[in-house]
1. Which links in LYS86/LYS106; LYS106/LYS158; LYS33/LYS106; LYS147/LYS249; LYS75/LYS106 stretch past 29 Å when you go from one Cα to the other?
2. Would you mind pulling out the separation of the Cα centroids of the range 1-78 and the range 217-234, in Å?
3. What are the residues whose amide H is under 5 Å from the amide H of LEU232, where those residues sit 5 or more places off or on another chain and H is modelled from the backbone?
4. For the range 104-200, what is Rg from Cα atoms divided by 2.2 N^0.38 Å, rounded to two decimals?
5. Where the Cα atoms of the chain are projected onto their three principal axes, how long is each span, largest first, in whole Å?
6. Starting from the eigenvalues of the Cα gyration tensor, five times each then square-rooted, give me the equivalent ellipsoid semi-axes of the range 46-120, largest first, whole Å.
7. Starting from the 7 Å offset along Cα-to-Cβ, what nm value, one decimal, do you get for the label separation of ARG66 and HIS35?
8. For ALA181, which sequence-distant residues (separation of 5 or more, or a different chain) have an amide H within less than 5 Å of its own amide H, given hydrogens modelled in the peptide plane?
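Throughout, read-outs are computed from the coordinates displayed, never taken from laboratory work. In this text the structure is predicted, and so the values were computed from the model without any measurement. Glycine gets a Cβ as well: all are built from the backbone with ideal geometry, and neighbour counts include every protein chain shown.
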Amino acid sequence: MATLKALIFDVDGTLAETERDAHRVAFNDTFAKYHLDWHWSETLYGELLAVTGGKERIQHYWENYRQDTPAPNNKIELISQLHRDKTARYNEIISQGEIALRPGVKRLIQEAREHGLSLAISTTTSMQNVTSLLQHSGSADMLEWFKVIAAGDIVAAKKPAPDIYLVALEQLQLPPEACIAIEDSRNGLQSAWGANIHTVITVSDYTRHENFNEASLVVDQLGEVDQPFTVLAGDAFGEQYVSVNLLQKLAANW
Ligand code: XBP
Ligand code: MG
């Protein structure tokens, strides 16, 4: 039996559906700007998501799909430059405010605050991207609600490695059994579970077919009072949406 003290949220796919209409578009716009004949279709992007991290994804694509594109001596620097431009473009897209938070995200975060739980983020994407998503899709002060934000290149090994969750635990100064991770992908689940953190999965557009065997609960969305979730695996104790009460019931069974 564990007492829940913190929720640790993934970002892309979990807080918002950012991948297809924001990250993917930003990558493609950047490739066009650099006159590269690269285009990531919605389907191809789903395959490429197996590799986490934008720079790592570009390198993986170049080396495995486009060996016909000549590589300059400063290839790694060029990838970093492409990625900087992609981040700028992503921030432009997010600042238009058209990518909404997923159902139940803001409600659960507010509920957690009312219960005195700490909030953290554990993500592969950059601090800059997290900041603009919370600001434009959440609210002006939402960033301040999070005690810890573990993001991007602060770890050498990105998800599915556990490192980014281990950083979050260290900064929260909590043991894994006092926390629950909210994730949307197999890579994210492996990362959290690798740090011994129990995980609730809210499947996203690109991840609903993935294997979530190690998860405590798998749902199609966090849900709202008037918009119940569908339970895909695990026991939701008859609840209709992911509430602090439900997360505490899950924790009581660890
Ligand atoms: C998802 C990812 C990220 C984004 C791109 O991370 O794999 O790499 O697709 O982000 P998570 P950057 O779900 O863990 O947040 O281009 O900023 O690396
Ligand atoms: Mg994710």
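1. Details: LYS86/LYS106 27 Å; LYS106/LYS158 26 Å; LYS33/LYS106 35 Å; LYS147/LYS249 23 Å; LYS75/LYS106 41 Å.
The pairs that break the limit, which is 29 Å between Cα atoms, are LYS33/LYS106; LYS75/LYS106.
2. After rounding, the separation between the Cα centres reads 28 Å.
3. Under 5 Å from the amide H of LEU232: VAL218, VAL219, ASP220.
4. On the way: Rg = 12.8 Å, N = 97, 2.2 N^0.38 = 12.5 Å.
That works out to 1.02 for the range 104-200.
5. Taking the Cα atoms of the chain, the three principal extents are 56, 33, 32 Å.
6. Numbers: eigenvalues 263, 41, 30 Å².
Listed largest to smallest, the semi-axes of the range 46-120 are 36, 14, 12 Å.
7. For ARG66 paired with HIS35, the spin-label model returns 1.4 nm.
8. The list, which skips near neighbours in sequence, is ILE8, HIS198, THR199, VAL200.
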